[in-house]
Every structure is written in structure tokens, then in C-alpha cells.
1. Being hydrophobic (A, V, I, L, M, F, W, C) and either part of a helix (DSSP H, G or I) or at pLDDT below 75 (or both) is the filter here; which residues of the range 139-193 pass it?
2. State whether the residues of the range 52-61 include one that is closer than 27 Å to PHE248 by Cα and open to solvent by 40 Å² or more (accessible area, probe 1.4 Å).
3. Suppose we filter the range 267-294 for residues that are open to solvent by 60 Å² or more (accessible area, probe 1.4 Å) and within 25 Å of TYR69 (Cα to Cα); how many remain?
4. Could you please find all residues in the range 209-231 being over 20 Å from GLU292 (Cα atoms) and surrounded by fewer than 23 Cβ atoms within 10 Å (Cβ to Cβ)?
5. Kindly indicate whether any position in the range 297-304 is touching a residue at least 40 places away in the same chain (Cβ under 8 Å) and closer than 16 Å to ALA238 by Cα.
6. Within the range 67-84, restricting attention to residues that are more than 11 Å from THR117 (Cα to Cα) and of a type in the set (A, V, I, L, M), which residue is most open to solvent (accessible area, probe 1.4 Å)?
7. Please go through the range 301-319 and pick out each residue that is in contact with a helix residue (DSSP H, G or I) (Cβ under 7 Å, 6 or more places away or on another chain) and open to solvent by less than 20 Å² (accessible area, probe 1.4 Å).
8. For the range 232-248, which residues satisfy the criterion of being open to solvent by less than 10 Å² (accessible area, probe 1.4 Å) and of a type outside the set (Phe, Trp, Tyr)?
Amino acid sequence: MAASIRLLARRIVRDASRTINSSVSGRIVSSSCPSNLSACRCFSDGAADKSTHFGFETVSEGEKAERVYKVFESVAPKYDVMNDAMSLGVHRLWKDMLLHVMNPQPGICLLDVAGGTGDISFRFLDYVRSQQERVARRTARANQTPSWQEISTSYTTPTEGIEMETEARESRAVVCDINKEMLKVGKQKAESMGISSGLSWVVGDAEELPFDDDQFDVYTIAFGIRNVTHIDLALQEAVRVLKPGGRFMCLEFSKVTNPLLARLYDAYSFQMIPVLGEVIAGDWKSYQYLVESIRKFPDQETFKQMIEDAGLFSVRYHNLTGGVVALHSGFKL
């Protein structure tokens, strides 16, 4: 309830002319929205006059939100297959690198924004589980030849305390995405993989997250922030929901640093990816937009400055595959 009140207050202060949706307990509640856009951001006439880009097109902000929603609604069933086809499977290595840099420990709470089909959250839970198993093996080896004092302690220590500590250190991941079709695909994947505990799915807008302040240890957004209409607002929301000491991590397509690789990458992107989209997903236009949106996204240094302007500290980035993708990271103090 407190989160809903604060969210409403921020909306009124930010732009009284907008009418916006909110997510309550996983259910979309619409405010002055057409029924077919119940999970989209909606704007008043004043906001609709403001222009932005949709790929290489110039459109109103309201139109961009609607069209981006429809893009991902359309590609959701083939989204994971297309990721493998477009990147030749390399996207898996990029996401693994994000988890390697994050190095989450048991007890961490992750917010995976624009988490769509759950790739980052699945990796997060698997990584934490492997960390727990590694600690358990190390403990077992250390206890193979216990001293008589350790044996005595093990008999006098209540097992309930150990169980409570294990439960208290359980990690959890929250997948938050504005697109219900993407979340639907993610839930189906989780069920097929047998993942149920420590994972929840929330419909929500990256620009106005339906969470209280200071809730999460790590905020991730992978290949999603370039589709946000107001990147600065999304970054401010990331700062708000992170706990003090929490970490922001963004994996996104960026600017290729090698001129030869850049030419090859452009040729492949514009000539092959839309074709793959048509053949595999039956959707040329959506993947044409995705290619164009990459070119409109700020370069590494510009985006780094945007993250710092939002209030995050110790911001740095790593180029992956020659800058095809960049991993930005910062901390809330």
C-alpha cells in the first residue's frame, strides 16, 4: 500500500498530464487507457506531442511505447530462438559474463528489469545454487576429520538454527517486464526447467517500478534499456529501488570500437538479422527496428555519464566482443 501511494505521488509530481498504468499484485490496472493497451504506458495529448525515435523513425513518445510493446508481443514466442540465431549463440556468453562480474552470494535479492523470458534470473539462481553447493562441499571436507571439540559442538548446537540460517540466506529473483507475453514465455520456461522457489514475475514499467524504495541488492537490465522511452527516468528508478550499497548492472548493445569489425557488424545486422526475423519469427519489421534501435543508443562513454548523472557511483564498463555489447556497472551509496 505504501509503495502504491508513493508511486502515485511521483506520477503526479512528474507530469500531471500523463495517465499511466500500475501493476498491483501481478494484475494490470489501467487508467484512461484503451483496453488493447492495458500494459502500455499511455499519454495525454500534451505528452503525445513530444517526439522521440523508434529505430530511425521520429514518432511521438506515446506511439513509441505502443509500438515497442507490440514488437515484443509479436516476437515473444520466438524470442529465445532468435537470440541464438542472431548472435550465433554468443548472447549466452555475454549473459554468463554479467553473472561472473556480479558474482552473487547466497541471500542476494535481484531485480531483473525487462527480464522478459527470464534468462538472467535463471542464471542468477543457478549461480547462487552452485555457490551454496561449493560452500557445502568445502564444509564437508573440513569436517572429515573433526576435533573432539567440533564433535561436541555439533551435538550441542540445535539443528533448527542451522535450518533458519539457510532459509535466511536464500536468494530470490524478481523478473519485471512491461510485456505480459514475454513474461508468459518466461513462466513456461521456468516450469519446464522445474524452477519454482526464489522466483517471481511482475508486470511493471522500468520508468515507474511498482516497488518500495531500497528493496534490492542488485538491479539488472539486459538488452532492454534501449527500448525505454525515457532512459533517464529508468535509471532514476533503478537508483530508488536499490538498497544502499546495491549494484546496477546493464548489458546492452553498444558501439563497436574496431572500424573493420564495425563494417562487418553493420552489414550483418542490416542484411541478415531482418531476414532471420522473417524466416524464423515471421516478422521482418520488428527485427529491423531492433537493429535500428541499437544504432540510436548512446555510446559507452555517453551512457556511463548518464548513469553517473542518475546518482550512481564507481561507474565503469567492459566492452564485450569488440564493443558489440557493453556491460555497465555502478553502485548506490
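1. Going residue by residue through the range 139-193, those that are hydrophobic (A, V, I, L, M, F, W, C) are 140, 142, 148, 151, 162, 164, 168, 173-176, 178, 182-183, 185, 190, 193.
Of everything in the range 139-193, those that are hydrophobic (A, V, I, L, M, F, W, C) and either part of a helix (DSSP H, G or I) or at pLDDT below 75 (or both) turn out to be ALA140, ALA142, TRP148, ILE151, ILE162, MET164, ALA168, MET182, LEU183, VAL185, ALA190, MET193.
2. Checked the range 52-61: at least one residue is closer than 27 Å to PHE248 by Cα and open to solvent by 40 Å² or more (accessible area, probe 1.4 Å).
3. First, pick out the residues of the range 267-294 that are open to solvent by 60 Å² or more (accessible area, probe 1.4 Å): 268, 270-272, 278-279, 284-285.
Next, only the ones that are within 25 Å of TYR69 (Cα to Cα) stay: 270-272, 278-279, 284-285.
Total meeting the criteria: 7.
4. At the first step, the residues of the range 209-231 found to be over 20 Å from GLU292 (Cα atoms) are 209-220.
Within the range 209-231, PRO210, PHE211, ASP212, ASP213, ASP214, GLN215, ASP217, VAL218 meet the criteria.
5. Looking through the range 297-304, at least one residue is touching a residue at least 40 places away in the same chain (Cβ under 8 Å) and closer than 16 Å to ALA238 by Cα.
6. Filtering first and then ranking leaves VAL81.
7. Once the filter is applied, which keeps residues that are in contact with a helix residue (DSSP H, G or I) (Cβ under 7 Å, 6 or more places away or on another chain) and open to solvent by less than 20 Å² (accessible area, probe 1.4 Å), the range 301-319 yields ILE307, LEU312, VAL315.
8. ALA234, LEU235, GLU237, ALA238, VAL241, LEU242, GLY246
The values are calculated or read from the model by the stated rules, or taken from the named source; none is laboratory data. None of the values given here were measured: they were computed from a predicted structure. Note: ideal-geometry Cβ built from the backbone for every residue, glycine included; neighbour counts use all protein chains shown. Accessible surface is based on the protein model in full, side chains and every heavy atom, while ligands, DNA and RNA are left aside. Shrake-Rupley method; radii C 1.70, N 1.55, O 1.52, S 1.80 Å.
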